[in-house]
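K.L.:
Structure provided below as structure tokens; questions to follow.
Read-outs throughout are calculated quantities, based only on the coordinates presented, and are distinct from any laboratory measurement. All of these numbers come straight from a predicted model, not from anything done at the bench. Cβ atoms come from the backbone with ideal geometry, glycine included; neighbour counts cover every protein chain shown.
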Amino acid sequence: MKTINELEEIYDLQLKKIILDIKKNKAKMVLLQFPEGLKPYATTIVDFLRNEFKDKVEFLIWMDSCFGACDVPVLGNKLEKKIDLVIQFGHSSLMPSY
């Protein structure tokens, strides 16, 4: 398993921007969507974000398919009302830089 530093050497995850967006939106529950290539690292990214927010923000990982920005998950009214922010990690800008 790669560390967050190893992932950031390979992928432009824009974690600083994500942190600022969460703070700006005062989000308490955030849904994260990942392309297939990043799904194995989803928990590493969530662990990093949880540490940043000292467990004051809850993160959900969408593990079903994600075919781009128009593919927003349908979770049902009850859960959708609780989600303050959806963050989708894209495909093309996250191509390895090696």
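K.L.:
Can you tell me how much longer the chain between Lys81 and Asp21 gets when fully stretched, taken as 0.36 nm per residue apart minus their C-alpha distance, in nm with one decimal?
P.N.:
Working: separation 60, 0.36 × 60 = 21.60 nm, distance 1.86 nm.
Full extension of this stretch gives 19.7 nm more.
K.L.:
Just list whichever of Lys17/Lys78; Lys17/Lys56; Lys16/Lys56 have alpha carbons separated by over 24 Å in the model shown.
P.N.:
Violating the 24 Å Cα-Cα cut-off are Lys17/Lys78.
K.L.:
Moving on to the next point. In terms of Cα to Cα distance under 16 Å, which aspartates and glutamates are near enough to Lys26, apart from those fewer than 8 places away along the same chain?
P.N.:
Straight-distance partners of Lys26: Glu52, Asp55, Glu58, Asp84.
K.L.:
Just grab the label-to-label distance for Asp55 and Glu8, each label 7 Å out from Cα along the Cβ direction, in nm (one decimal).
P.N.:
With each label point 7 Å from Cα toward Cβ, the separation is 2.4 nm.
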